[in-house]
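Each value in this text was obtained by applying a stated rule to the coordinates, not by laboratory testing. Given the structure is predicted, the values throughout are model-derived calculations rather than measurements. Quick reminder, even Gly has a Cβ in these numbers, built from the backbone with ideal geometry, and neighbours come from all protein chains shown.
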Amino acid sequence: MTIASPAAVAAKPTRSWSETIAFAVMVGFFLIAPLFIYPLFLMKALCFALFACAFNLLIGYVGLLSFGHALYFGWASYVCAYTAKAWGLTPELAILLGAATAAVLGLVAGSIAIRRQGIYFAMITLALAQMMFFFAVQAPFTGGEDGIQAVPRGYLFGVIDLVNPMNMYFTVLAIFLGCFLLIYRIIHSPFGEVLKAIRENETRAISLGYKTDRYKLVAFVLSATFAGVAGATKAIVFQLASLTDVDWPMSGEVVLMTLVGGLGTVFGPVIGAFIVISMQNYLAQIGQWVLVVQGTVFVICVMLFRRGIIGEIAHALRIKL
Amino acid sequence: MRSKRPGEGLTIESTDDPHPLARNRVRATSPFQGEVTSPIGKTRMFEIFGIPSQALFGQLLIGLINGSFYALLSLGLAVIFGMLNIINFTHGAQYMMGAFVAYFLLQWAGINYWAALVIAPILVGFTGIIVERLFLQWLYKLDHLYGLLLTFGLALVIEGVFRNYFGSSGLPYRIPDALQGGQNLGFMFLPNYRAWVVVFSLAVCLATWFVIERTRLGAYLRAATENPTLVRAFGINVPRMITLTYGFGVALAALAGVMAAPIYNVSPQMGSHLIIVVFAVVVIGGMGSIMGAIVTGFGLGLIEGLTKVFFPEASNTVIFIIMAIVLIIRPAGLFGRRV
């Protein structure tokens, strides 16, 4: 990052074998998974895994709980769906535009929200997201309750036909892995070290000369952008952008995914997203009880294992994950 | 007269549902709701800024009603936050529970509104005490965020259970006989029940303010907020005080729910959208001051009502926009201390 660090942070690069092995296992799993798991389910889970990773960048490494991440996810999916359908953009351009929208929204919302800390930050992000939800309900181009339907998947780079499920799957996988590695890189960069310093003790980071507000804002915009990539990709996969993706329960879901997997772990959000999405899939027939199950999982996580699944494993084995 | 969307602002009953999705939902028009029988013919019509006085004052009244609920709920949130350092996300669900308990009491036990006004807050407040003993007391030493996440999870559970048994459509609650009908004030028609809600919630708010700011019990509370360890050293049972404070805050939410029951339909999701607006109210007012919460609540309700008259498209978002402006100008909130 271009932000000048006043004191040399040069933390020694802690490359751990456990993370490399876990990454290899993850990539291997995703390469063979479509052979025995329904690709559409995998793609949905991958989109949400990326969403959760983006969210985790903020809560896990800066300690900021954003309760309004559906804003970036949902609006990016609207912009992506609209540009792909109405302007006939190729999917990669539509996704990039969606992500850019999310970045701009993140910049605006972030610069308002970082004025307060802790609980207020969560409430402000939630309120701003709700405001943009109402805009989405009223704006003409979002299609209100209907959303934007029948979005063409189109041809990636004008060549690769994404209607083919395998092409679509590996495109989503490439986007996911690219963003995952980028997030990993950000977390382990000198910039990421400053973020962790802010998480641990913001006052101290300020006294060391860091402009913490600027770091927080950059982290917020990055997180919003990655959330936008996830939302935009989901719009292409499902050929649909709807109000569900901008509404506040979506913000709650991404918190749940990250919490279940493990806040501040690299792989936790991915596992958490897969668990929550499978839970929704298999529990779909029990209707409203899904809400109860999700709420119960929240309560259990907060009361009994705050480290999350991956966090508990990493703690038990004393490795980094 | 300015051209308006059909039905907007012309009758007092038109836009009083705080739920954003209300216009997409099939409105249950129960016979119990007709507390205003076309008052327009009876009162004098005149115009203010091109708006018929009926519409203007009608919306202002609705604004005051919404403001009463904002004030009661944000007051509860502020009281709980002061003692527990937790933002109670379950507040909306507890408000909904208050309305449902009133409904159950009337339907199943024949207990009327006036008794429900006392019984429902006590019952729901008691569930709050159980929640505090079971869950919240273990979280005080941790990051604030865990309290928020836990109460969010509880809100999901409660809303899910109620939705499962009562669906998404609203259940009607009859206005008590003593408050049926209304007063013709000449420039507008004032339904008795609505006047009662505004006056009673203002009284409850002021009473709460008085207890906290002017009595010995309130002094203990404020002292325990500042320095719990020291207050314990003086022999005051702070953990019990914390538990009761949470119960009281929850009871306030339930009281608001009982009062809301005859105005809005009793429905499982009545709290979840309201609570987000109340969060914005709390951010605007800042949680440092009890009076601040009351003033902000009523004030924002009025502003929202005015927006419905002059610029209806923004009526859902105006509070959030004000929140953003306040944060830019005065980050600590109107009445808040810098946190």
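Structure notes:
- Dipole check for the protein assembly as shown: with +1 at the C-beta of Lys and Arg, -1 at the C-beta of Asp and Glu, and the Cα centre as origin, the magnitude is about 1200 Debye.
- Projecting the Cα atoms of B:Leu217, A:Ile236, A:Val302 onto the dipole axis of the protein assembly as shown, where Lys and Arg carry +1 and Asp and Glu carry -1 at the beta carbon, places B:Leu217 farthest toward the positive end.
- Expressed in units of 2.2 N^0.38 Å, where N is the residue count, the Cα radius of gyration of segment B:62-118 is 1.34.
- Inter-centroid distance (Cα atoms) of segment A:34-55 relative to segment B:200-217, Å: 52 Å
- The stretch between B:Leu206 and B:Ile122, if pulled fully straight at 0.36 nm per residue, gains 28.3 nm over its current Cα-Cα span.
- In segment A:39-246, a dipole from Cβ-located charges (positive for Lys and Arg, negative for Asp and Glu) runs towards its positive end, and of A:Leu40, A:Phe176, A:Gly158 it is A:Phe176 whose Cα lies farthest in that direction.
- The phi torsions of segment B:313-326, fed into the Karplus equation with coefficients 6.51, -1.76 and 1.60 and a -60° offset, translate into couplings of 4, 9, 5, 6, 9, 4, 5, 5, 5, 4, 4, 4, 5, 4 Hz, rounded to whole numbers, with Gly and Pro shown as x.
- Tally of Lys pairs whose C-alpha atoms are under 29 Å apart, taken over the protein assembly as shown, 8 or more apart or cross-chain: 21
- Dividing the summed -39500 (n - 2.57) terms of all DSSP H runs of n ≥ 4 by the residue count of chain A sets its mean residue ellipticity at 222 nm at -23500 deg cm²/dmol.
- Environment charge at B:Leu327 (Cβ cut-off 11 Å; Lys +1, Arg +1, Asp -1, Glu -1): +3
- Cβ-based net charge around B:Ile236, under 15 Å, with every Lys or Arg adding one and every Asp or Glu removing one: +3
- Between A:Leu31, A:Leu57, A:Leu105, the residue with the greatest mean-square fluctuation in the GNM of chain A (Cα pairs under 10 Å linked by springs) is A:Leu31.
- Per residue of A:128-138, other chain Cβ atoms within 10 Å of the residue Cβ number 5 on average.
- Dipole magnitude for segment A:39-246: computed about the Cα centre from +1 point charges on Lys and Arg Cβ and -1 point charges on Asp and Glu Cβ, it is near 480 debye.
- Between A:Ile286 and B:Ile329, the simple spin-label model (points 7 angstrom out along Cα→Cβ) gives 5.0 nm.
- Residue with peak Gaussian network fluctuation, chain A [Cα springs, cutoff 10 Å], from A:Leu107, A:Leu156, A:Leu126: A:Leu156
- In units of the rule-of-thumb radius 2.2 N^0.38 Å, the protein assembly as shown shows an alpha carbon radius of gyration of 0.99.
- Helix screen, chain A: DSSP H segments with Cα axial length of 24 Å or more and mean Kyte-Doolittle hydropathy at least 1.6 are A:17-36, A:39-59, A:91-113, A:118-138, A:165-187.
- Inter-site label distance for B:Phe104 and A:Glu312 at 7 Å from Cα along Cβ, in nm: 3.2 nm
- Kirkwood estimate for segment A:39-246, i.e. one over the average of 1/r between Cα atoms, Å: 17.2 Å
- Averaged over the residues of B:84-90, the number of partner chain Cβ atoms lying within 10 Å of the residue Cβ comes to 2.
- For chain A, modelled as a GNM whose springs connect Cα atoms under 10 angstrom apart, the maximal fluctuation among A:Ala150, A:Ala219, A:Ala103 occurs at A:Ala150.
- Residues in segment A:237-269 that a label on A:Met279 would reach, taking backbone N under 13 Å of a point 7 Å out along Cα→Cβ: A:252-262
- Length-normalised contact order for segment A:39-246 - Cα pairs under 8 Å, 6+ apart - percent: 46 percent
- Rounded FRET efficiency, nearest 0.05, which uses the C-beta distance separating A:Phe141 from A:Thr20 and R0 of 45 Å: 0.50
- FRET efficiency estimate (nearest 0.05) - Cβ-Cβ, B:Met291 to B:Ala314, R0 41 angstrom: 0.90
- Under 5 Å from the amide H of A:Leu263 lies no amide H of any residue 5 or more positions distant or on a separate chain, with H modelled from the backbone and absent for Pro and chain starts.
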